[in-house]
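Comments concern the structure below.
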Amino acid sequence: MAGSIYLTAIAFIAPKTGTTDNGYFTIQRSRNGVNWDSIGVVTRAEGKEDYNFVDMSPFAGNDYYRLALVDRDGGRQLSMTIPVGRAAA
């Protein structure tokens, strides 16, 4: 259908860091894998391993996603980059 918006859902599994200082995830998206924008935040919960986020405004073509895990003490760890390709509408 013309004018349709295609949504991309990305599911990540939280890394087991061995810490109880849970903090949060910042979901980041890029058109080129170099320049990143934060598009959402998910709070981590102790004992929870599966987290989901829906990108309501994906780019046409290729998107790149990664997580920035931020602990309450300010420490930060980046996930690997996940490329997601979509056909332009």
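Identify the residue in the range 59-68 that is of a type outside the set (Ser, Thr, Tyr) and either at pLDDT 85 or above or touching a Cys at 6+ places or on another chain (Cβ under 7 Å) (or both) and, among all such residues, is surrounded by the most Cβ atoms within 10 Å (Cβ to Cβ). It comes out as 67. When the residues of the range 31-55 are filtered to those that are surrounded by 10 or more Cβ atoms within 10 Å (Cβ to Cβ), hydrophobic (A, V, I, L, M, F, W, C) and without any contact (Cβ under 8 Å) to a residue 24 or more places away in the chain, the one that is nearest to residue 84 (Cα to Cα) is 39. Being outside any strand (DSSP E or B), of a type in the set (Gly, Ala, Ser) and modelled with pLDDT of 85 or more is true of residue 33. Would you be able to tell me the number of residues in the range 69-89 that are at pLDDT 80 or above, closer than 16 Å to residue 32 by Cα and of a type in the set (Lys, Arg)? Residues that pass the stated criteria total 0.
Residue-level check: of (1) without any contact (Cβ under 8 Å) to a residue 24 or more places away in the chain; (2) part of a loop (DSSP other than H, G, I, E, B); (3) under 13 Å from the mean Cα position of the chain (by Cα), residue 58 misses just (1).
The values are calculated or read from the model by the stated rules, or taken from the named source; none is laboratory data. Source: prediction; values computed, not measured. Backbone-built Cβ (ideal geometry, glycine too); neighbour counts: all protein chains shown.
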